[in-house]
Amino acid sequence: MKHKGILIVVSGFSGAGKGTLMKLLMQTYDNYALSVSMTTRGPREGEVDGVHYFFSTKEQFEDKIAQDGFIEYARYCDNYYGTPRKYVEEQLEAGKDVILEIEIQGALKVKEKFPESLLLFVTPPNAKELERRLVGRGTESQEVISKRLARAYEESEGIEAYDYIVVNDNLERCAEEINGLVEAARKAPVRRETFIKEIREELKEFSKGAE
Ligand code: 5GP
């Protein structure tokens with residue numbers, strides 16, 4: 001299936017600042033639509049159902065899996081997370097560039113199903129800074145923080161599968177950089193198939209004249 005918009009996958013270690021970055025991107029540019037995932041994780045303080053996530057029970061989540069309602073889903077630190085299919089397909093069809101903020105297993109599944117998707121990996125400048133941000137967030141217990149740092153180490157093994165690494169040392173600069181990468185991605189041959197076909201046809205006509 002060919003989409004009008006670009007499917008953008010943004011991953012990064014938990015605590016890399018993806019959430020804030022995505023919010024800024026959405027506020028600054030109007031071509032993006034942010035997919036809201038479904039999860040069986042409980043809401044953190046301040047998280048709103050339908051805005052940050054669709055919070056669900058394990059049973060509801062498994063029903064949706066059975067109905068093929070997800071583009072991808074994964075288990076992450078004892079919970080399910082998944083991308084509902086309908087919104088993403090509608091927005092891409094309407095020409096929006098759709099952002100999925102998902103972890104690495106999901107990202108790889110998306111790349112497999114949609115090879116023309118753009119995979120970005122957001123990371124803080126170094127591991128110490130990652131720990132500082134996780135602790136500073138103050139929403140997780142020490143146990144959860146340790147689990148997330150261990151998971152970050154595992155995820156670092158998969159970074160090579162992404163198209164670009166974005167170092168988040170400054171939010172505004174980073175949002176601009178991401179938008180620049182998306183603009184550049186629009187020009188990649190894999191997303192310009194119609195253009196290529198048309199110019200090739202035209203050239204063929206010219207070349208006939210030269211025979
Ligand atoms: P958190 O619990 O911190 O909100 O999210 C944990 C991890 O799950 C993050 O890396 C986040 O990007 C990822 N995540 C959120 N939604 C989805 C989803 O729909 N699918 C997958 N595969 N990962 C997700």
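The values are calculated or read from the model by the stated rules, or taken from the named source; none is laboratory data. Every value quoted in this text rests on a predicted model; they were computed, and no experiment measured them. All Cβ positions, even for glycine, are placed from backbone atoms using ideal geometry, and neighbour counts span all protein chains on display. Surface areas here come from the heavy atoms of the whole protein model, side chains and all, with no ligands, DNA or RNA. Shrake-Rupley method; radii C 1.70, N 1.55, O 1.52, S 1.80 Å.
Residues are listed down the side, and each one gets a yes or a no for (1) of a type outside the set (Lys, Arg); (2) surrounded by fewer than 13 Cβ atoms within 10 Å (Cβ to Cβ); (3) at pLDDT 95 or above:
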position: Lys86; (1), (2), (3): no, yes, yes
position: Glu101; (1), (2), (3): yes, no, yes
position: Phe121; (1), (2), (3): yes, no, yes
position: Pro124; (1), (2), (3): yes, no, no
position: Ile145; (1), (2), (3): yes, no, no
position: Tyr153; (1), (2), (3): yes, yes, no
position: Asp163; (1), (2), (3): yes, no, yes
- line: Of the conditions (1) in contact (Cβ under 8 Å) with a residue 24 or more places away in the chain; (2) surrounded by 15 or more Cβ atoms within 10 Å (Cβ to Cβ), the single one that Glu193 does not satisfy is (2)
task: Scan segment 144-162 and report the pairs whose first residue is farther than 20 Å from Leu100 by Cβ and whose second residue is in a helix (DSSP H, G or I) and open to solvent by less than 50 Å² (accessible area, probe 1.4 Å), with Cβ atoms within less than 6 Å and a gap of 6+ or a chain change.
output: Ile145/Leu134
field: Total residues in segment 21-32, condition touching a helix residue (DSSP H, G or I) at 6+ places or on another chain (Cβ under 7 Å), aliphatic (A, V, I, L, M) and surrounded by fewer than 20 Cβ atoms within 10 Å (Cβ to Cβ)
entry: 1
- line: Among the residues of segment 57-70, the number that are touching a residue at least 24 places away in the same chain (Cβ under 8 Å) and outside any helix (DSSP H, G or I) is 1
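Of all residues being among the hydrophobic types (A, V, I, L, M, F, W, C) and under 27 Å from Val190 (Cα atoms) in segment 1-20, which is surrounded by the most Cβ atoms within 10 Å (Cβ to Cβ)? Just the residue, please.
Val9
From the list Glu211, Glu103, pick out the single residue that is out of contact with any Asp or Glu (no Cβ under 8 Å at 6 or more places or on another chain) and not basic (Lys, Arg).
Details: Glu103 fails: out of contact with any Asp or Glu (no Cβ under 8 Å at 6 or more places or on another chain).
Matching residue, one of Glu211, Glu103: Glu211.
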query: Residue check, Pro43 against (1) outside any helix (DSSP H, G or I); (2) in contact with a strand residue (DSSP E or B) (Cβ under 7 Å, 6 or more places away or on another chain); (3) surrounded by 14 or more Cβ atoms within 10 Å (Cβ to Cβ), all met but one. Which one?
result: (3)
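Please enumerate the residues belonging to segment 103-117 that are more than 17 Å from Arg191 (Cβ to Cβ) and either within 10 Å of the chain's Cα centre (by Cα) or open to solvent by less than 80 Å² (accessible area, probe 1.4 Å) (or both). Break it down stepwise before answering.
Step one: of segment 103-117, the residues more than 17 Å from Arg191 (Cβ to Cβ) are 103-109, 112.
Of everything in segment 103-117, those that are more than 17 Å from Arg191 (Cβ to Cβ) and either within 10 Å of the chain's Cα centre (by Cα) or open to solvent by less than 80 Å² (accessible area, probe 1.4 Å) (or both) turn out to be Glu103, Ile104, Gln105, Gly106, Ala107, Leu108, Lys109.
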message: For a quick check of your reading of the model, give me the residue pairs whose first member lies in segment 29-43 and is closer than 15 Å to Glu93 by Cβ and within 10 Å of the ligand (Cβ to nearest atom), whose second is in a strand (DSSP E or B) and modelled with pLDDT of 95 or more, with beta-carbon atoms closer than 9 Å and at least 6 apart or on different chains.
response: Ser35/Ile71; Ser35/Thr83; Ser35/Pro84; Ser35/Val98; Ser35/Ile99; Ser35/Leu100; Ser35/Glu101
query: Name the strands (runs of 3 or more DSSP E) wholly within segment 71-126 that hold at least 1 residues that are over 22 Å from Tyr29 (Cβ atoms) and within 8 Å of the ligand (Cβ to nearest atom)?
result: 79-84
